[in-house]
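The values are calculated or read from the model by the stated rules, or taken from the named source; none is laboratory data. All values derive from a computational prediction rather than experimental measurement. Neighbour counts run over all protein chains shown; Cβ positions are idealised from the backbone, glycine included.
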Amino acid sequence: MAQITRPQSSVTPPTLKVNGLDLDYFNPKEYIIGGTTLTGTKYIDKDVIIRLSKLTQGERIILPGESTANAIKILWAQGLFDDVKLDIVKIEEDTVYFDIEVVERPRLASFDLNGVSKSQEKDIMEKLNEKTAKSVINDNLYSSTTNTIKRFLLEKGYFFTTVNYEAVPDSNMENGMVLKVMIDKGRKVKINQINFTGNKNFSAATLRKYLKKTKQQAFYKVFGSGKFNKEKYEEDKLTLIAKMHDKGYRDAAILRDTVYQFSDKAVSIDIDLYEGPKYYFGEITWAGNAKYVTKDLERVLGIETGEVFSEEKLEKKLRGSASGDDVSSLYMDDGYLTFNVDPVQTRIHGDTVDLEMRIYEGPQYTNNRISVKGNTITNDRVVLRDVRTRPGEKFSKASLIRTVREIGQLGNFDESKTVPDVKPNAVDGTVDISYIVEEKPSDQIELSGGFGGGNIIGTLGLTFNNFSLRNLFNLEAYKPLPKGDGQKLSLRGQTNGKYYQSYSFSFSEPWLGGRKPISFGVSAFTSLQSNGLGITNSQFQKIRLNGVTVSLGRRLNFPDNYFQLSHAINVQQYILNNYPGYLFSSGTSYNFNLTQELSRDSRNSPIFPTDGSYFRFTIQATPPYSLFNDLNYATAPDKERYKFTEYHKWKFESQWFQRLVGKFVIKAQAQFGFLGTYNPSVGQSAFERFKLGGDGMQGFDFLQGSELIAMRGYANNTVIPVGANPTIAQNSGSPIFTKYVMELRYPVIASQQATAFLVAFGEAGNTWDKFGDFNPFNVRRSVGLGAKIFLPIFGLLGIDYGYGFDKIPGLPDANKGQFHFSIAQQLGGF
């Protein structure tokens, strides 16, 4: 056997003897390849390697010649071997036989990343596994792995990453190696300075503001001061140009940009801009419109000749308005599902752009099949009864959007994953709509311990938001309770053992009878509190409350279909025995009242609304007993005087939500409550008063006939009328209150598992004993910060820190810094 090698000298013609024959380098000869073998391989397909070498049986080859050298080069280029040798086994007449001897490189069994966090390791591994699973360990693998890691960490702000390797044999894989990757991320770099050139009409400060997520260092930036993130920087460059276009500079572009090292801790950025001229809207004409006349379309578009040219505004008014006041919505709300408008720039003269709006109206579509998919628990009819796109009606984009909102309001589905699937049928002019939903946990549990009334109180509450009463006796439907009909069942109990017990129950059906949106509800409660001061009846203090409420409500279509009207009949019984804090201490009082409530809710989400409003006006009244009985209230004993509670109660609440910039949302809220009398000789009701201040958590006071109104920055029930006796006012409450709230909200978590947001708030409110003293601008004030998180199983949980500015006479600890906790409720509501 002889090995083909490179000639060592050019003085004497080199020869290679094989089986007695000389291979003369200066007199090459043609041979036929009789066969090629491959030795040294265990894991690679031998036939593939031989084919790659091009030394296949039957081929002709000139020896000595370039073919043998090329074969070795080709095999080296594959990166699969640590060594490659080509041997001539034998030559028989004009036939030659070869053997390729190789040493295989080890294969990658796994990576072992060191120097990064668990989350970063997971993300990097996802990227590496896509490209390098079971790869041969070679220079290409090292290079691609290093580039992947550095690119990932660069996007996170690590500019100076170094990567080193160590290969360790893997006991579970033959010829396999574990590649230990030692990563030194260095430190995140900050942005020293952002420099602009080429800008004439935009100041550098203005341009830096357009880079929302890429900020240079400044002494006044305490949080997030200028850390560089490549991914966000790339997004910001697009935003920068879009902002310049929106200001009329439609030719604006970034000519070049450079990110370079300023120090071992910082980088600087240079951006060279081309602004171009500022453009304005010229003549706007319309073509293809038959349904609506040009005048109507111009009114909806709302763009006048001479306005600064803005493609963003143009697109918004044509088809991108969130409020639906664009040209596309005008057509699509009237069935024109395939409507399209194409703004064509017909002429650019000087700084003016003329446009022609070319419209394709298409046919009107009618809703055909409406379905819901993905609801594994909730019955179809529960979802479909809230659908606004009805079969046989003309297709409406507004109804489609409203339906998505209504499905989200059910509380049984992940709002972010509710998607309408719209499939037009061009042949018959109909459209099939499927609403794709995903169930989420909707039941809630409240299990807590707290301190109240001088005792430890335990609470257990269960709320089933998708209950099915009709399957109550169907054992197969218990998973663990019958579900799917959209009914709500709540059970709650509180106790500290011997001295305080409270139990409540409620059930509601949003579609009574299943055909019309008429809601039905029934609730009941009973509570008992005693102090057990002594064994004699004169010393024993006790209060028992019992109550039942039955309600009916219905949706209205006037003034619009966001309104709802509800009616409720309430029956309550108060039994007092030597119990202080009310207008009487012993006796039994009955409260029969009728409640009327008108509300309107256009919020786009019940948990974290970013748009819309909510208002509620409530009148609650008892019969005017004193006007038709013969009781002399001036001389009547407490047992008769307060036997039948009489009052009329008026409440108003409004909320308004608006997205500001980015994810920031502002909430404005106002509340008012008034408890009035029919007969001055009877005086104010002993119950149903308002207590303002604190966290608003309904505990003892709610079950003792008072209504708590939260006001952060003040202790519970401490915002009392000026000049009132603190002890009496805190216990009994006040007949008049008002409160105002302004909140700035920012979401930090938005998922099916949880919704969380931060708040900064300012509040103002006060209480009064009589209407003659009422002044809505004479209020106590507070500010603060807080956080809220909504967990499907627990409801809304919150913690706030408020600072009250105004002192409460007689209650020195009422204001200043106060922490407030809330469970399963929204602060500020009735």
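Residue 73 falls short on exactly one of the conditions (1) at pLDDT below 85; (2) not in a strand (DSSP E or B), and that condition is (1).
From the list 264, 334, 296, 342, the lone residue that is loosely packed, with under 15 Cβ neighbours inside 10 Å and part of a loop (DSSP other than H, G, I, E, B) is 264. Restricting the first member to the stretch 136-164 and to residues that are farther than 23 Å from residue 228 by Cβ, and the second to residues that are among the aromatic types (Phe, Trp, Tyr), the beta-carbon pairs closer than 7 Å and six or more apart or on different chains are 142/165. Within the stretch 191-207, the residues that satisfy the criterion of being of a type in the set (S, T, N, Q) and either part of a loop (DSSP other than H, G, I, E, B) or closer than 16 Å to residue 243 by Cβ (or both) are 199, 201, 203, 206. For the stretch 732-776, filtering for residues that are under 37 Å from the mean Cα position of the chain (by Cα) and farther than 27 Å from residue 662 by Cα leaves 7.
If a residue has to be in a loop (DSSP other than H, G, I, E, B) and of a type in the set (Ser, Thr, Tyr) to count, how many in the stretch 299-331 make the cut? Talk me through it step by step, then tell me what you get.
Keep residues of the stretch 299-331 that are in a loop (DSSP other than H, G, I, E, B), which gives 302-307, 309-310, 321-326.
Those still in the list that are of a type in the set (Ser, Thr, Tyr) too: 305, 310, 321, 323.
Total meeting the criteria: 4.
Filtering the stretch 121-154 to residues that are at pLDDT 80 or above, hydroxyl-bearing (Ser, Thr, Tyr) and surrounded by fewer than 18 Cβ atoms within 10 Å (Cβ to Cβ) leaves 142, 143, 144, 146, 148. When residue 666 is tested against the conditions (1) modelled with pLDDT under 95; (2) surrounded by 14 or more Cβ atoms within 10 Å (Cβ to Cβ); (3) not polar (S, T, N, Q), the lone failure is (1). Hey, does the stretch 346-359 have a residue that's crowded, with 16+ Cβ neighbours inside 10 Å, of a type outside the set (Val, Ile, Thr), in contact with a strand residue (DSSP E or B) (Cβ under 9 Å, 6 or more places away or on another chain) and not in a strand (DSSP E or B)? Within the stretch 346-359 (the criterion being crowded, with 16+ Cβ neighbours inside 10 Å, of a type outside the set (Val, Ile, Thr), in contact with a strand residue (DSSP E or B) (Cβ under 9 Å, 6 or more places away or on another chain) and not in a strand (DSSP E or B)), the answer is no, since none of the residues qualifies.
Residues in the stretch 49-68 that are surrounded by 13 or more Cβ atoms within 10 Å (Cβ to Cβ) and either in contact with a Pro (Cβ under 7 Å, 6 or more places away or on another chain) or outside any loop (DSSP other than H, G, I, E, B) (or both): 49, 50, 52, 53, 61, 63, 64, 65, 67, 68.
Scan 637, 721 and give me the residue that is under 30 Å from residue 614 (Cα atoms) and over 31 Å from the mean Cα position of the chain (by Cα).
None of the others qualify; the one that does is 721.
Residues that are among the hydroxyl-bearing types (Ser, Thr, Tyr) and buried (at least 16 other Cβ atoms within 10 Å of the Cβ) were ranked within the stretch 267-279; the one that is farthest from the chain's Cα centre (by Cα) is 279. When we screen 748, 682, 741 for residues that are β-branched (Val, Ile, Thr), outside any strand (DSSP E or B) and farther than 29 Å from residue 492 by Cα, the only hit is 682. The set of residues from the stretch 581-602 being among the small types (Gly, Ala, Ser), closer than 30 Å to residue 725 by Cβ and assigned to a strand (DSSP E or B) comprises 587, 589.
Out of all the residues in the stretch 179-191, which are surrounded by fewer than 18 Cβ atoms within 10 Å (Cβ to Cβ) and in contact with a Ser or Thr (Cβ under 9 Å, 6 or more places away or on another chain)? Show your work before the answer.
Of the stretch 179-191, the ones surrounded by fewer than 18 Cβ atoms within 10 Å (Cβ to Cβ) are 180, 182, 184, 186-188.
Selection gives 182, 184, 186.
Considering only residues in the stretch 389-427 that are part of a loop (DSSP other than H, G, I, E, B) and charged (D, E, K, R), the one that is surrounded by the most Cβ atoms within 10 Å (Cβ to Cβ) turns out to be 414. Residue 718 meets all of the listed conditions (1) out of contact with any Leu (no Cβ under 9 Å at 6 or more places or on another chain); (2) part of a loop (DSSP other than H, G, I, E, B); (3) closer than 20 Å to residue 799 by Cβ but one, namely (1).
Evaluate the following for residue 619: is it part of a strand (DSSP E or B), without any contact (Cβ under 8 Å) to a residue 60 or more places away in the chain, assigned by TED's automatic domain parsing to the domain that holds residue 751 and out of contact with any helix residue (DSSP H, G or I) (no Cβ under 7 Å at 6 or more places or on another chain)? Considered against the rule, which asks whether it is part of a strand (DSSP E or B), without any contact (Cβ under 8 Å) to a residue 60 or more places away in the chain, assigned by TED's automatic domain parsing to the domain that holds residue 751 and out of contact with any helix residue (DSSP H, G or I) (no Cβ under 7 Å at 6 or more places or on another chain), residue 619 comes out as yes.
Each row is one residue, and each column tells you yes or no for (1) surrounded by fewer than 16 Cβ atoms within 10 Å (Cβ to Cβ); (2) under 48 Å from the mean Cα position of the chain (by Cα).
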{"position": "573", "(1), (2)": "yes, yes"}
{"position": "583", "(1), (2)": "yes, no"}
{"position": "608", "(1), (2)": "no, yes"}
{"position": "612", "(1), (2)": "no, yes"}
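Within the stretch 360-383, which residues are assigned to a helix (DSSP H, G or I), within 27 Å of the chain's Cα centre (by Cα) and surrounded by fewer than 16 Cβ atoms within 10 Å (Cβ to Cβ)?
Here is the first cut: in the stretch 360-383, the residues assigned to a helix (DSSP H, G or I) are 380-383.
Within this subset, residues satisfying the condition of being within 27 Å of the chain's Cα centre (by Cα) are 380, 382-383.
The answer is 380, and nothing else.
Scanning the stretch 170-190 for residues that are over 36 Å from the mean Cα position of the chain (by Cα) and either assigned to a loop (DSSP other than H, G, I, E, B) or modelled with pLDDT under 85 (or both) gives 170, 171, 172, 173, 174, 175, 176, 177.
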